[in-house]
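The values are calculated or read from the model by the stated rules, or taken from the named source; none is laboratory data. Here the structure is a predicted model, which means the values were calculated and not measured. Reconstructed Cβ throughout: ideal geometry from the backbone, glycine too, with neighbour counts over all protein chains shown. Protein only, heavy atoms only, side chains kept; ligands, DNA and RNA dropped before computing areas. Shrake-Rupley method; radii C 1.70, N 1.55, O 1.52, S 1.80 Å.
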Amino acid sequence: MGTLNLTKVTKSFGATDVIKGVDLTVNDGEFCVFVGPSGCGKSTLLRMIAGLEDVSSGDVMIDGRRVNDVAPAKREIAMVFQSYALYPHLTVRDNMGLALKQAGVPKAEIAQATDKAAAMLSLDALMERRPAELSGGQRQRVAIGRAIVRRPKLFLFDEPLSNLDAALRVQTRIEIARLHRDLGATMIYVTHDQVEAMTLADRIVVLRAGRVEQVGAPMELYNNPANTFVAGFIGSPQMNFLNGEALGLRAATVGVRPEHLTLDRGAGKLVAKVSHLEKLGGETLVYVVNPTHGLITIRLFGEHEFAVDEEISLNYDENKLFFFDEDGQRLY
Amino acid sequence: MSQARHSTARTFGAHAILITYTVIALFPVFVTVINSFKSRKAIFADPLALPGPATFDLVGYQTVLKQGDFFQYFLNSMSVTVVSLFFVLMFGAMAAFALSEYRFRGNLLMGLYLALGIMIPIRLGTVAILQMMVASGLVNTLTALILVYTAQGLPLAVFILSEFMRNVSADLKNAGRIDGLSEYTIFFRLVLPLVRPAMATVAVFTLIPIWNDLWFPLILAPSEATKTITLGSQVFIGQFVTNWNAVLAALSLAIVPVLVLYLIFSRQLIRGITAGAVK
Ligand SMILES: Nc1ncnc2c1ncn2[C@@H]1O[C@H](COP(=O)(O)OP(=O)(O)O)[C@@H](O)[C@H]1O
Ligand SMILES: [Mg+2]
């Protein structure tokens, strides 16, 4: 069991409003990702759920119980931090078992729980080491193990992969996804990386400046963004935004994803000059400049060759366009 | 290659400056110690000469040890310093933790108020302190000195320690809170060990002025039973005649305990000073 309800939750630090009214339900067993640019209030919202930060107004409910005034340790949650936050003076085993020890669980039971978590994360060989003797990836696995041992109602992750190198990040991401499947637990995961959000989430919550912009499954956000912010944030490389009137379309802004632009030798709808080329092997990104629309990204499958300053002409399928009004809200 | 040579030259320069400073700083100590082993005549004849077979004389040490209560003075200085140091570190760390960790009304003002103590010398309040001690019957007790020195040491301790505590990972403290540690456990078990180098720095900067102080022992606790070593040494400095052998011997002896305390803290101190460099 582990559902979370936020009702009109706000947070102010003095005169600055950081969270400006968030309503959200996270269902039991769901993997929910908060995503947004850095400084938008993701961590603050997560810390409010954890009880590390007071709620200025509104209600936080876990499993139907209002927990606004409940201490973090009593909320039956566990949290994994970006900086690992392992206790430097304790061994891996004691790091993992501390919460249970504080809760007065018998020793034998603690040992059983830590051993089980260690087996899940292949930490068995490291149990007697101290955090200083571990690599970054191992430390983060211990931090995840420490969360598992508690059998919390909610797992909270605050950018847990940001300090890891690229290869380790992918590996740990897969491990977290597998843990979610195995444990069937409710997880709330904060990241500024939309790739992490897309790959892990059952549901993504896009935040901007303390407000929820849109909530939905990854493909829902990709195929049906509510506004230019979400359209630009979800998907990589970023969606191109073109001037609608110049194209003779009835919208202020027209969005088209780089993968939906096609090359048309000769009679395309747009002419532009190549300004830069990125060859990634499996795909080629072509950056072109058009005087009215500015920089446009095209994503082509396979290997392609272009000369810088070469003029090319582009085409798009009208059905794959997104139309936005002056305020950036989606028209259709 | 040229870079390596460049840095050797720089290392050399840096060491030359440091050695010069060390010599300047240690010179008075050196002169005190060598002269404490010389006869009175030799001290005045050639103050910078090392004690030789002709000039070697332990009369200063003999006088000091015969003076009776010298061991008591040592004990007084030691207890005052150690107890004050303990209070400064404990209360200083606790106040620093509160200031750096909790948001409350008047936090900033409180911090400024405490920092003010660094700039205003406590001696300005001597008269008021004396009146207070008289009123509370603490004159001629070591308690009076301990109270004053604790007050004197706290501002700098709070200032330095709160800066260091601000740098202790917030995530670590929050992890502790989620695991159900009390704020006291977080303070004593997580935060204090991580600021140990800073504590050592504060300890050294606190203990030396306390050990060397003459002012407050003279005013608050001049009785025979409560004299500190610095005050005790003054008996040899008379209005007309000064027993230089004894003064120098007493001062040389007085260096030993601070040196021991310093060596205890110095390993930590060096780590504290280089903390920024080693991440
Ligand atoms: N303790 C605090 N005091 C004042 N402002 C804060 C505090 N914590 C966070 N903020 C502000 O709240 C905003 C959101 O911060 P945060 O939740 O950490 O962003 P994110 O995790 O999305 O990058 C930032 O603008 C930050 O400056
Ligand atoms: Mg954050």
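For a straight C-alpha distance cut-off of 20 angstrom, the lysines reachable from A:LYS8 (same-chain residues fewer than eight places away being disregarded) are A:LYS20, A:LYS42.
Amide H contacts under 5 Å for A:PHE34: A:TYR189, A:VAL190, A:THR191, A:VAL205, restricted to partners 5 or more places along the chain or on a different chain, H placed in the peptide plane at 1.01 Å from N. Solvent exposure of the stretch A:4-230 amounts to 41 Å² per residue of accessible area, where only protein heavy atoms count and the probe is 1.4 Å. How many square angstrom of accessible surface are buried between B and A, both sides summed, with a 1.4 Å probe and rounding to 100? Buried surface at the B/A interface: approximately 1500 Å².
Rg and Dmax, both from the Cα atoms of the stretch A:122-217 and both in Å, are 14.5, 46. Between the stretch B:78-157 and the stretch A:290-305, the C-alpha centres lie 68 angstrom from each other. Amide H contacts for A:ARG208 (H built 1.01 Å from N in the peptide plane; partners 5 or more residues away or on another chain; cut-off under 5 Å): A:GLU213. Taking every residue in A:188-200 and counting other chain Cβ atoms within 10 Å of its Cβ, the average works out to 0. Distances between every pair of Cα atoms in chain A, grouped in 10 Å steps from 0 to the bin holding the largest one, split as 5, 22, 26, 21, 14, 8, 2, 0 percent. The portion of the accessible surface of chain A made up by carbon and sulfur, rounded to a whole percent, is 49 (1.4 Å probe; DNA, RNA and ligands excluded).
Here the alpha carbons of the protein assembly as shown define both size measures, Rg and Dmax, at 34.9, 112 Å. Taking the protein heavy atoms of chain B in the context of the full set of protein chains, the accessible area attributed to carbon and sulfur is 72 percent at 1.4 Å.
Projected over all directions and averaged, the alpha-carbon convex hull of the stretch B:1-145 occupies 18.0 nm².
Between the residues B:MET119, A:VAL33, B:PHE27, the greatest Cα displacement towards the positive end of the dipole of the protein assembly as shown, with unit charges on the Cβ of Lys, Arg, Asp and Glu, is found for B:PHE27. Counts of other chain beta carbons within 10 angstrom of each beta carbon in peptide B:176-188 average 5. Estimated from helices alone, the mean residue ellipticity of the protein assembly as shown at 222 nm is -15000 deg cm²/dmol (sum of -39500 (n - 2.57) over DSSP H runs with n ≥ 4, per residue). So how far, in whole Å, is the C-alpha centre of the stretch A:64-131 from the one of the stretch B:200-261? When both Cα centres are located, 53 Å separates them. Shielding of peptide A:86-93 by partners, expressed as the average count of other chain Cβ atoms within 10 Å per residue Cβ, is 3. Within the listed set B:VAL247, B:VAL127, B:VAL191, the residue fluctuating most in the Gaussian network model of chain B (springs between alpha-carbon atoms under 10 angstrom) is B:VAL127.
For the stretch B:90-140, the list of trypsin sites (Lys or Arg not before Pro) that fall in a loop by DSSP and count at most 16 other C-beta atoms within 10 angstrom reads B:ARG103, B:ARG105. Exposed loop positions in chain B were taken to be chymotrypsin sites (Phe, Trp or Tyr not before Pro) whose DSSP state is not H, G, I, E or B and which have at most 11 other beta-carbon atoms within 10 angstrom. Between these positions, the longest stretch is B:105-239. Axis angle, to the nearest 10 degrees, between helix A:107-120 and the longest C-alpha principal axis of chain A: 20 degrees. Entry comment: accessible area of the stretch B:2-57 is 77 Å² per residue, from protein heavy atoms only and a probe of 1.4 Å. Please compute the per residue accessible area over the stretch B:124-229 with all protein chains in place, 1.4 Å probe, rounded to a whole number of Å². So the stretch B:124-229 comes to 42 Å² accessible per residue, rounded to a whole number.
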